[in-house]
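The values are calculated or read from the model by the stated rules, or taken from the named source; none is laboratory data. As the structure is a prediction and not an experimental result, all values here were calculated from the model. Here the Cβ positions follow ideal geometry from the backbone for every residue, glycine too, while neighbour counts run over all protein chains shown. When the accessible area is computed, the model is the full protein with side chains, heavy atoms only, and any ligands, DNA or RNA have been set aside. Shrake-Rupley method; radii C 1.70, N 1.55, O 1.52, S 1.80 Å.
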Amino acid sequence: METPVDTSQIVQFAALDDLLALSRANSLWPLTFGLACCAIEMMAAGGPRFDISRFGAEVFRPSPRQADVMIVAGTINKKMAPAVKTLYDQMLEPKWVIAMGNCAISGGPFVFPGQYAVVEGVDKLFPVDVYIPGCPPRPEALIEGILALEQKLTGKRRWPVVKPPQ
Ligand code: SF4
């Protein structure tokens with residue numbers, strides 16, 4: 001009797017979840033939204049010098065209903081926090097959050113005993129997927145954050161990790 005041909009080595013079908021994750025990871029649409037000085041670095045990342053369109057993430061959307069990633073770039077004052085939370089709530093699932101800079105991560109340089117005006121980290125308002133430290137982080141750091149988010153979605157690193165020389 002003839003042995004059936006094993007086609008698994010010839011034809012492979014990606015699982016739909018993998019395909020969706022790959023599509024999402026390569027077309028992250030950030031919300032057009034900045035809070036303070038870190039937003040200038042975010043804008044620079046969208047310009048021709050750093051060009052995040054190489055990573056499919058340059059389509060900054062003016063409406064939260066069209067965006068799937070919120071880059072929280074700047075200080076979140078308590079007065080501003082309800083508006084930031086509303087924008088997050090208006091984004092459709094699936095959605096992700098990048099905390100860019102020390103202010104978004106922990107309140108940054110505005111945290112001191114007795115301060116009453118600043119939210120000490122955007123994760124006090126909603127979940128954060130990627131943290132990018134710095135005051136401010138450079139555009140390259142934001143690109144690294146986007147790559148880290150892609151890796152979270154696909155489980156794979158798109159860009160090879162270059163190990164420093166020993
Ligand atoms: S982390 Fe530094 S650069 Fe970024 S918003 Fe705060 S003070 Fe400005």
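Please report how many Lys pairs in the chain have alpha carbons closer than 16 angstrom, counting only residues at least 8 apart along the chain or sitting on separate chains.
Step by step, the pairs that qualify in the chain add up to 5.
About its Cα centre, the dipole of region 42-118 is roughly 180 debye, where the only charges are +1 on Lys and Arg Cβ and -1 on Asp and Glu Cβ. Surface analysis of the chain yields an accessible area of 61 Å² per residue, using protein heavy atoms and a 1.4 Å probe.
For an R0 of 22 angstrom, estimate the FRET efficiency from the Cβ-Cβ distance between Cys37 and Val111 and round to the nearest 0.05. Efficiency for this residue pair is about 0.85.
222 nm [θ] for the chain, helices only, -39500 (n - 2.57) per DSSP H run of 4+, per residue, to 500?
Numbers: 5 runs with 50 residues, N = 166.
Calculated from helices alone, the mean residue ellipticity at 222 nm is -9000 deg cm²/dmol.
Shown here for region 38-146: trypsin sites (Lys or Arg not before Pro) in loop regions (DSSP other than H, G, I, E, B) with at most 12 other Cβ atoms within 10 Å, namely Arg49, Lys78, Lys79. Rolling a 1.4 angstrom probe over region 14-166 with all protein chains present gives an accessible area of which 61% lies on carbon and sulfur atoms.
For the chain, the alpha carbon positions stretch 83, 44, 32 Å along the principal axes, listed from largest to smallest.
Restriction of the chymotrypsin sites (Phe, Trp or Tyr not before Pro) in region 77-166 to DSSP coil positions whose beta-carbon has at most 12 other beta-carbons within 10 angstrom yields Tyr116.
A crude spin-label estimate for the pair Arg157 and Lys85, with each label 7 Å from Cα along the Cβ direction, gives 3.8 nm.
Tilt of helix 81-90 relative to the longest C-alpha principal axis of the chain, in degrees (0 to 90, nearest 10)? The helix 81-90 is inclined about 20 degrees to the chain. Using a probe of 1.4 Å, the accessible surface attributed to Thr86 totals some 70 Å² when neighbouring protein chains are kept in position.
Along the axis of the charge dipole computed for the chain (Cβ charges of +1 for Lys and Arg, -1 for Asp and Glu, origin at the Cα centre), the listed residues Ser53, Pro82, Val111 are led at the positive end by Val111. Cα centroid separation, region 92-132 to region 17-34: 21 Å.
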